[in-house]
Amino acid sequence: MRETATYERAELVSTSEALRAFRSSLEEGVDWPTALLQAIAEWSTPEETVGDRVYRYFIEGEAFDWLLLAERLFEAADVLIPDEDKEALLFQGRFPDYFESSRFKELIGIEKYRGYLNYFYGVTVEEALHLASEKEVHKRQLSNGNRYQNDFSEEALSRIYRESPCVLLLQFRQDKGYPDDGELTMEQSTEFNYWLFKYRMKTSDKAKVASDTRKGLKQLHEMMASDKVGMMVP
């Protein structure tokens, strides 16, 4: 019990120090994208609860949600970073024009960058794959004269994973020890997407894995081209 309490205390102090160091860098005149990514590189807490909010930065210790951590760090920045810059990064994935995106990998470090890649392909691209599949189902339904169905998600997921969404969700909850009823929290929904990605890697042949991943990437680039989403792309 004492060792656990000591570890939690050390983690709490480390988080507090990281927030103070980030703010100090800003006050010393370091440009905020550089200060932010340096703070992300030094961050060591995989998950924390602040008030009623759970911040889970690493899913299964593998997939790193760096924008969620950026949101947490922005709270410490207060007025030192313009609100429009914060919103551009959090909602559009965009840094100011003066920041060279090629520095992203260098500044966050190789370990965090690997985690970022896991999140990019395991969550971001996987969600885009879901949308692409839904659009395919919608198009087929329209060609068959079905103009009144609004939700194509169940059929789309069944086509991707060759299993019903209900069965997939039940298996996910059992694997994670979550209750078998009720809605998923926002954090659990993201975790479920990463679980689906790993399920697809495990159960699909290499050709289907590659084809589905290309489909997700194509959908993502289409969204970026239409300015519906912007992000750091590896």
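Each value in this text was obtained by applying a stated rule to the coordinates, not by laboratory testing. Given the structure is predicted, the values throughout are model-derived calculations rather than measurements. We place every Cβ from the backbone using ideal geometry, glycine too, and count neighbours over all the protein chains shown.
Of the listed values (1) 35, 23, 16; (2) 41, 21, 16; (3) 27, 23, 16, grab the one calculated as semi-axes √(5λ) of the Cα gyration tensor in Å from the structure here. Computed from the coordinates, semi-axes √(5λ) of the Cα gyration tensor in Å corresponds to (1). Give the residue from ALA77, GLN141, LEU89 lying farthest towards the positive end of the charge dipole for segment 1-141; charges sit on Cβ (+1 for Lys and Arg, -1 for Asp and Glu) and the dipole is referred to the Cα centre. Of the listed residues, the answer is GLN141.
Quote the charge dipole size of segment 2-108 about the Cα centre in Debye, to the nearest 20; the model charges only the Cβ of Lys and Arg (+1) and of Asp and Glu (-1).
Roughly 180 debye, rounded to the nearest 20.
Distance between the modelled labels on LYS86 and LYS176, one decimal in nanometres: 2.8 nm (7 Å Cα→Cβ projection). The stretch between SER24 and LEU117, if pulled fully straight at 0.36 nm per residue, gains 30.6 nm over its current Cα-Cα span. In order along segment 192-207, the Karplus-derived 3J(HN,Hα) couplings, from 6.51 cos²θ - 1.76 cosθ + 1.60 at θ = phi - 60°, round to 5, 4, 5, 4, 5, 4, 5, 5, 5, 4, 7, 9, 9, 6, 4, 5 Hz, and Gly and Pro are given as x. Ellipticity at 222 nm from helices only: DSSP H runs of n ≥ 4 in the chain, each -39500 (n - 2.57), divided by the residue count, give -21000 deg cm²/dmol. Any idea what angle helix 110-119 forms with the longest principal axis of the chain, computed on alpha-carbon atoms, 0 to 90 degrees, nearest 10? The angle comes out near 30 degrees. With semi-axes defined as the square roots of five times the eigenvalues of the C-alpha gyration tensor, the equivalent ellipsoid of segment 94-225 measures 28, 21, 15 Å, largest first.
Taking 0.36 nm per residue of sequence separation and removing the Cα-Cα distance, the SER211/MET186 pair yields an extension gain of 6.2 nm.
What FRET efficiency do you get for SER16 and GLU60 if R0 is 30 Å and r is their Cβ-Cβ distance, rounded to the nearest 0.05? It comes to 0.70.
Fully extending the segment from SER101 to SER153 would add 15.3 nm, taking 0.36 nm per residue of separation and subtracting the current Cα-Cα distance.
Comparing GLU84, GLU71, GLU48 in a Gaussian network model of the chain, where Cα atoms under 10 Å apart are tied by springs, the biggest mean-square fluctuation is seen for GLU84.
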